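Asker: Questions regarding the structure given below will be posed in turn.
The values are calculated or read from the model by the stated rules, or taken from the named source; none is laboratory data. Just so it is clear, the model here is predicted, and its values are computed rather than measured. Cβ coordinates were reconstructed from backbone atoms using ideal geometry, including for glycine residues, and neighbour counts include every protein chain displayed.
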Amino acid sequence: MFLVYNLILFISILSCLYINNWLVLWVLVELSTMMVVLIISEGSTPRAIEAASKYFVVQAVASGFLLMGILSHFFIGNSFIVFGNYDLISYCLILLGVFVKLAVLPNPFWFVDVVSGVSLYRAFYVIVASKVVPVYLFISLSSQDFLLGLCLVGLLSVFLGSVLGVNQISIRKILAFSSIAHMGWMISCFPILSYWCCVVLFFCYLLMLFPIFFVSSLCSIQGIFKQKNSQFQANVGLVVIVSLLSLGGLPPLVGFFYKWLMLLGLTGQNLFLVAGILILMSVISLYYYLSVCYSVFSVYWAVPQVFCFVNVLVSNSFFFFLGVVSLVNVLVCIFLVGPIIGVWFL
């Protein structure tokens, strides 16, 4: 059944990207939500069931706001078209539903409880899979007419995700707070960027997360913080370090390009205060990324030849694949800067 759930989830998400009718889109969003609930509750542990229940309740509330906005849009504008003109009430209700699904203000705290209640492998569905359609809707509906309010929501979300993530020791909670902060970045910056620029930036965010979730499907990441079990665990630790530093925005990784481009858009619109606050929050969030990286590094540094990453890459196809992904994290920053600025920016 797990494969069936994944197939239905993939089809529903993909279909949402090509639908221009709100009622059909709403049904597909609910279908994808139900698949995520079934997937994260499949472990049948009490903690997983509790997390799935919280996720279901919150998504039901978000869907209620979405449905009210859709019906208001129909009664006022007599249309179910997604890409159209909106009155203020409909627009605010739809955005509120999208914000709840993205786990930003007004209530991002449920997201941390849900992510910490499931395995890291299944957290992928909460952190990534459930965000694809809401991010797509936000990119499609965001407008510079409401830029001040969107920046306020984004900045407060970045503040919560950055400050509350400090002193966290659970990798799942760190990724949850990181997701809240990154969604805040997107909400603050996407309204002033072009559609394709936003799509590429969201793809870069997925690229930063992919190695962590891929590794978690094969072994326990939490174990690499506790003891040096093997060469395998040590090189998993190196992959985790690269991914976390990329999420923190450290050059020359793709996370630096990701944040730098959004800051470039803000300064281009003379939003220097917003850009300055985001930089400050990014430094705070980088602190807890570095603390996790230091924990991993300190465990394995004393072991002779434990970071012989090149040798393992050559002899092991699994690590060759992860090595390629980690290298792409660096190269994307170099090769996409020119095309993005020249073609898609502004």
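Asker: Give the residues of segment 1-54 that are farther than 30 Å from N78 by Cβ and not in a helix (DSSP H, G or I), sorted by residue number.
Answerer: M1, S41, E42, G43, S44, T45
Asker: Then there's this: Got a sec? Which of I94, I81 is touching a residue at least 40 places away in the same chain (Cβ under 8 Å), outside the structural domain of W185 (by TED's automatic domain parsing), surrounded by 15 or more Cβ atoms within 10 Å (Cβ to Cβ) and not polar (S, T, N, Q)? Even if it seems obvious, please write down each step before you answer.
Answerer: Values: I81 fails: surrounded by 15 or more Cβ atoms within 10 Å (Cβ to Cβ).
Matching residue, one of I94, I81: I94.
Asker: Which condition number in (1) in a helix (DSSP H, G or I); (2) within 30 Å of Y294 (Cβ to Cβ) is the one that V166 fails?
Answerer: (1)
Asker: To continue, here is another question. Determine which single condition L23 fails, assuming it passes every other condition in (1) closer than 19 Å to L120 by Cβ; (2) touching a residue at least 12 places away in the same chain (Cβ under 8 Å).
Answerer: The failed condition is (1).
Asker: Further question: Take K131 and decide whether it is at pLDDT 90 or above, under 29 Å from V296 (Cβ atoms) and outside the structural domain of L280 (by TED's automatic domain parsing).
Answerer: So K131 passes the test.
Asker: OK, next. Test G69 against the stated conditions and say whether it is modelled with pLDDT under 85 and either in contact with a helix residue (DSSP H, G or I) (Cβ under 6 Å, 6 or more places away or on another chain) or in a loop (DSSP other than H, G, I, E, B) (or both).
Answerer: No: the conditions fail for G69.
Asker: Quick check on this structure: which one of V158, V166, V199 is surrounded by 22 or more Cβ atoms within 10 Å (Cβ to Cβ) and not assigned by TED's automatic domain parsing to the domain that holds L93?
Answerer: Numbers: V166 fails: surrounded by 22 or more Cβ atoms within 10 Å (Cβ to Cβ); V199 fails: surrounded by 22 or more Cβ atoms within 10 Å (Cβ to Cβ).
Of the residues listed, the single one that is surrounded by 22 or more Cβ atoms within 10 Å (Cβ to Cβ) and not assigned by TED's automatic domain parsing to the domain that holds L93 is V158.
Asker: Right, something else. Looking at this structure, is E50 modelled with pLDDT under 90 and either more than 21 Å from the chain's Cα centre (by Cα) or under 21 Å from V104 (Cβ atoms) (or both)?
Answerer: So E50 fits the description; yes.
Asker: Run down V114, V104, V61 and say which single residue is within 23 Å of the chain's Cα centre (by Cα), β-branched (V, I, T), in a helix (DSSP H, G or I) and within 22 Å of L206 (Cα to Cα).
Answerer: From the options V114, V104, V61, the qualifying one is V114.
Asker: Let me ask something else about it. Step by step: first the residues of segment 276-291, then only those that are crowded, with 20+ Cβ neighbours inside 10 Å and among the hydrophobic types (A, V, I, L, M, F, W, C), then the one that is nearest to C151 (Cα to Cα). Which residue is that?
Answerer: Applying the filter and picking the extreme gives L278.
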